[in-house]
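Input: a single structure, listed below in structure tokens.
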Amino acid sequence: MARKLSGFQRVLDAPALFSVAYGEIAASIYFALGIVAAYALGFTPLVLLLGGVFFLIVSLSYAEGTAAIPETGGAATFVRRAFNDVFGFLTGWALFLDYLIVIALSTLFLPHYLGTALGVEGLRESPWVSKSGEKSSASPRITRRSCVARSSPATTMPPP
């Protein structure tokens, strides 16, 4: 078991934890709501209700775990205490990567929502699609050149 460092203290109070959780959920709603509505169609309210019930169960589990294990670290500490240090370490990194992915997706979708809300057409368009509707990339396109056959077989270049 990992040793407990005496230098760490609980410094996040309930409002700070609420703001982190609300920021995570609110950011997810921006890009998840459209995807849910696109695939769930008429079942969108039911799917969102089930997602809310799942979130309530997870929140109550976190509350129970925090009351049972009064240590800092959240889910990584719960997993470390339930299994071992390796799984706790992997859980901590998985949560860290989850937060990074949410930030990346939020920054990807934010211009589209701002463009719609503010009426700025340039923000609503994807930077990866040209005016003609063709997808473009930031890197130059590499095309394959066919070898030009010459009259003599000895001077013919092999295909790439």
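Please treat every number below as a calculation from the coordinates, not as lab data. On a predicted model such as this, the values are computed, not experimentally measured, just so you know. With ideal geometry, Cβ positions are generated from the backbone for all residues, glycine too; neighbour counts draw on all protein chains shown.
Data table
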{"quantity": "In the range 35-76, residue farthest from Y22 (Cα to Cα) [restricted to those that are in a helix (DSSP H, G or I) and among the hydroxyl-bearing types (S, T, Y)]", "calculated": "Y39"}
{"quantity": "Given (1) in contact (Cβ under 8 Å) with a residue 60 or more places away in the chain; (2) farther than 19 Å from V20 by Cα; (3) surrounded by 14 or more Cβ atoms within 10 Å (Cβ to Cβ), index of the condition D85 fails", "calculated": "(3)"}
{"quantity": "Residues being without any contact (Cβ under 8 Å) to a residue 40 or more places away in the chain and under 17 Å from Y99 (Cβ atoms) - total across the range 23-58", "calculated": "7"}
{"quantity": "Of residues in the range 82-124 being closer than 22 Å to I29 by Cα and among the polar types (S, T, N, Q), the one farthest from the chain's Cα centre (by Cα)", "calculated": "T116"}
{"quantity": "Long-range neighbours under 8 Å by Cβ, at least six apart or interchain, first residue among the polar types (S, T, N, Q) within the range 92-108, second surrounded by 11 or more Cβ atoms within 10 Å (Cβ to Cβ) and in a helix (DSSP H, G or I)", "calculated": "S106/A27; S106/Y30; S106/F31"}
